[in-house]
Amino acid sequence: MHSVSRYRTGKPPWCCKPGEKSRAYAQSLDGLAQMYFQMHDYARAETLYQQAVSIKKEVLGERHPDYALSINNLAGVYDAIGDFSDQPIPPLSETPGVRSAARAPLLGEHNGEVL
C-alpha cells in the first residue's frame, strides 16, 4: 500500500519539469493506471488511461506504438468491467499505420511482416 499513498496525487515528482503534456508524464499515468487496474479499481484506472491516451495522441501522434498500447490498456479496462458499448476509443483499424510505423524502421518497408 506504500506505493498507493506515494502516487495518490497522480502526479509524479518529475511531471512539473517536462510538463503534463509530455511522453514521460503519459507513461507515468499508464503506470499508475496499471496499478489501479491490478487492484480492480477500474474507475481510477479508466480515468488515468484516458488521460494517457489523450496526451500520447497529442504528443506522439496516432501512428506511434505507445499510443496504440494506451488504447489497448484502456480497452482492457472496458473488457474487465464487461462494458462493450460504444466507448470513446478508436479501434486500431482507425489508427492508420501503427504497425507499419513501428516495424518499418526495424524490418524495412518491403518486408512481409510490415503491413
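Residues being more than 16 Å from S28 (Cα to Cα), basic (K, R) and without any contact (Cβ under 8 Å) to a residue 12 or more places away in the chain: count how many of those fall in region 46-65.
0
Filter region 31-44 down to the residues that are more than 17 Å from A68 (Cα to Cα) and assigned to a helix (DSSP H, G or I) and list them by number.
L32, M35, Y36, F37, Q38, Y42, A43, R44
Being in contact with a Gly (Cβ under 8 Å, 6 or more places away or on another chain) and buried (at least 20 other Cβ atoms within 10 Å of the Cβ) is the filter here, so list the residues in region 38-69 that pass it.
L48, Y67
Just checking, does region 80-99 include any residue being at pLDDT 90 or above, in a helix (DSSP H, G or I) and out of contact with any Lys or Arg (no Cβ under 8 Å at 6 or more places or on another chain)?
Yes, the conditions are met somewhere in region 80-99.
The values are calculated or read from the model by the stated rules, or taken from the named source; none is laboratory data. The structure presented is a predicted model; accordingly, all values stated were derived computationally and were not measured. Virtual Cβ from ideal backbone geometry, glycine too; neighbours counted across all protein chains shown.
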